[in-house]
Amino acid sequence: AGPVSGTALNSARTVAPLGFPAGEEKTVQIRKATMEDRDGVIELLRTLLVPAREVGQDWRDEAQIFRLLVEQPELGTILIAEENGEVAGITTLSYPMALRCCGVYSCIEENIVDERYRGRGIGGALLKAAVAEATARGCDEIQVNAPSESGYPLYLRHGFEDHGTVRVKADVPR
């Protein structure tokens with residue numbers, strides 16, 4: 001498997017400078033999640049996704065998935081954007097396998113920035129780190145799973161190509 005193509009590969013991934021006014025420079029650290037990040041990540045998801053009715057009120061399943069992704073990195077990666085000890089944003093990658101990709105590829109499942117931190121380059125820094133992570137894992141491709149209307153332009157600005165924004169899904173009977 002070869003590296004993922006795209007302009008996002010040429011960027012630093014550890015620390016991303018943000019566009020604050022002179023004298024107010026701050027940096028955000030992009031890193032992999034640890035179990036200590038669980039509550040901050042769940043709170044960010046709760047704050048942004050419950051009002052949009054994208055998830056329910058019970059967070060036990062999400063907490064279990066968080067643990068699986070942290071403890072079993074072959075399933076996926078959670079990247080954290082942290083500023084002053086707070087979770088400012090997250091990107092979650094999964095690593096499915098497909099014949100058409102000749103193996104493992106990467107899918108961005110969530111790319112979420114806290115509303116208080118938007119417009120500072122955090123989404124782009126997380127995206128660059130996600131592409132670098134997929135490249136390091138040997139993925140040939142990185143896809144975005146149903147980009148939001150507000151996030152869609154971010155992907156285009158970072159070299160992703162438009163292959164349609166429609167998602168088709170069905171619940172699996174249990």
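The values are calculated or read from the model by the stated rules, or taken from the named source; none is laboratory data. As the structure is a prediction and not an experimental result, all values here were calculated from the model. Cβ sites come from the backbone with ideal geometry, for glycine too, and all protein chains shown count toward neighbours. Keep in mind that these areas ignore ligands, DNA and RNA; they rest on the heavy atoms of the full protein, side chains included. Shrake-Rupley method; radii C 1.70, N 1.55, O 1.52, S 1.80 Å.
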Taking the residues in segment 99-116 that are open to solvent by less than 20 Å² (accessible area, probe 1.4 Å) and out of contact with any helix residue (DSSP H, G or I) (no Cβ under 7 Å at 6 or more places or on another chain) as candidates, determine which candidate is farthest from F66 (Cα to Cα).
-> C101
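Which of the residues spanning segment 61-84 are touching a helix residue (DSSP H, G or I) at 6+ places or on another chain (Cβ under 9 Å) and open to solvent by 20 Å² or more (accessible area, probe 1.4 Å)? Full working, then the answer.
Looking only at segment 61-84, we keep the residues that are touching a helix residue (DSSP H, G or I) at 6+ places or on another chain (Cβ under 9 Å), and these are 62-63, 66-67, 70-71, 75-83.
Within segment 61-84, E62, A63, R67, V70, E71, L75, E82 meet the criteria.
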Enumerate the pairs (first residue in segment 54-66 and closer than 11 Å to D39 by Cβ and in a loop (DSSP other than H, G, I, E, B); second residue anywhere and modelled with pLDDT of 55 or more and among the aliphatic types (A, V, I, L, M)) with beta-carbon separation below 7 Å, excluding pairs fewer than 6 apart on the same chain, so at least 6 apart or on different chains.
-> W59/I42
Here are some conditions: (1) surrounded by 13 or more Cβ atoms within 10 Å (Cβ to Cβ); (2) among the small types (G, A, S); (3) without any contact (Cβ under 8 Å) to a residue 40 or more places away in the chain; (4) farther than 19 Å from V41 by Cβ. G138 meets all but one. Which one does it not meet?
-> (3)
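Can you tell which of S150, S94 is open to solvent by 70 Å² or more (accessible area, probe 1.4 Å) and not aliphatic (A, V, I, L, M)? Steps first, please.
Working: S94 fails: open to solvent by 70 Å² or more (accessible area, probe 1.4 Å).
Criteria check complete, one pass: S150.
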Per the list (1) hydrophobic (A, V, I, L, M, F, W, C); (2) part of a helix (DSSP H, G or I); (3) under 26 Å from T27 (Cβ atoms), residue check on V87 breaks on (2)
Collect the residues in segment 118-133 that are in a helix (DSSP H, G or I) and open to solvent by 20 Å² or more (accessible area, probe 1.4 Å), keeping them in residue-number order.
-> K128, A132
